[in-house]
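A.B. asks: Take this structure first; my questions come after.
The values are calculated or read from the model by the stated rules, or taken from the named source; none is laboratory data. In this text the structure is predicted, and so the values were computed from the model without any measurement. Note that we place each Cβ from the backbone using ideal geometry, even for glycine, and neighbour counts take in every protein chain shown. Keep in mind that these areas ignore ligands, DNA and RNA; they rest on the heavy atoms of the full protein, side chains included. Shrake-Rupley method; radii C 1.70, N 1.55, O 1.52, S 1.80 Å.
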Amino acid sequence: MADDKPRRGRPRKERKQLVETPKTFLADDEAGITDMQTAFVWHYTEGACGQTEAARRAGFSFPASAATKMLNGKDFPKVTRAVRIKQDELREKYAITPQKTGAMLWNIAETAFETGAYNAAVSAVKELNQLAGLTIHRSQNLNINADLQKMNKEDIKHRLNELLGVEAELNDKDH
């Protein structure tokens with residue numbers, strides 16, 4: 001595709017990269033894989049792309065075929081092992097734990113309070129309290145199988161008292 005031709009239509013918005021791509025990839029002697037295989041592992045696990053695109057970015061001539069061979073576990077078992085190890089590292093790094101969540105909420109609460117965003121600070125503290133188990137949100141749904149058309153006022157009061165476990169009678173002033 002020639003860059004000298006003017007593009008038709010609406011200009012494309014410049015997208016921010018999710019992660020900074022390393023300039024060079026070195027062979028991983030510990031895993032026993034080459035520099036191209038290391039590039040493939042990085043692009044596949046951290047580069048936010050599929051296996052064929054990862055192989056293309058790593059520089060393989062036939063990316064679809066190379067990606068399939070590298071991930072089938074038979075042709076290049078060291079690459080498959082390196083991918084699994086990298087995925088496990090990322091899973092552990094980005095895992096949502098109560099400790100990480102609590103630390104983030106505390107930072108949000110402090111920052112929001114310092115900048116005067118009191119609603120956000122209160123919301124973060126509320127979430128922290130729920131995370132710590134200090135507040136419990138309870139709700140109760142009552143399924144009343146009764147035909148209200150056939151019941152009079154006294155029957156309805158009696159049935160509600162029975163369901164709610166209330167012994168005292170309701171007065172007309174109570175409603």
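A.B. asks: Tell me which residues, restricted to region 87-102, are of a type outside the set (Asp, Glu), over 14 Å from Gln130 (Cα atoms) and either surrounded by fewer than 10 Cβ atoms within 10 Å (Cβ to Cβ) or without any contact (Cβ under 8 Å) to a residue 24 or more places away in the chain (or both).
C.D. replies: Arg91, Lys93, Tyr94, Ala95, Ile96, Thr97, Lys100
A.B. asks: Let me ask something else about it. If I ask for residues that are open to solvent by 30 Å² or more (accessible area, probe 1.4 Å) and in a helix (DSSP H, G or I), which ones from region 46-60 would you list?
C.D. replies: Glu46, Gln51, Thr52, Glu53, Arg56, Arg57 - these are the residues of region 46-60 that are open to solvent by 30 Å² or more (accessible area, probe 1.4 Å) and in a helix (DSSP H, G or I).
A.B. asks: Would you mind stating whether Pro6 is of a type outside the set (Val, Ile, Thr), under 21 Å from Arg84 (Cβ atoms) and part of a loop (DSSP other than H, G, I, E, B)?
C.D. replies: Spelling it out, it is not the case that Pro6 is of a type outside the set (Val, Ile, Thr), under 21 Å from Arg84 (Cβ atoms) and part of a loop (DSSP other than H, G, I, E, B).
A.B. asks: Only residues that are modelled with pLDDT of 90 or more and crowded, with 18+ Cβ neighbours inside 10 Å: list them for region 4-44, please.
C.D. replies: Ile33, Gln37, Thr38, Ala39, Phe40, Val41, Trp42, His43, Tyr44
A.B. asks: Here's a follow-up. Failed condition for Leu105, given (1) assigned to a loop (DSSP other than H, G, I, E, B); (2) under 30 Å from Gln130 (Cα atoms); (3) open to solvent by less than 100 Å² (accessible area, probe 1.4 Å), with all others met?
C.D. replies: Against the list (1) assigned to a loop (DSSP other than H, G, I, E, B); (2) under 30 Å from Gln130 (Cα atoms); (3) open to solvent by less than 100 Å² (accessible area, probe 1.4 Å), Leu105 comes up short only on (1).
A.B. asks: Can I ask one more? Out of the residues in region 61-86 that are of a type in the set (Lys, Arg) and more than 14 Å from Asp35 (Cα to Cα), state the one that is least open to solvent (accessible area, probe 1.4 Å).
C.D. replies: The selected residue is Lys86.
A.B. asks: Could you check, for region 84-93, whether at least one of its residues is aliphatic (A, V, I, L, M) and either outside any helix (DSSP H, G or I) or farther than 24 Å from Lys126 by Cβ (or both)?
C.D. replies: yes
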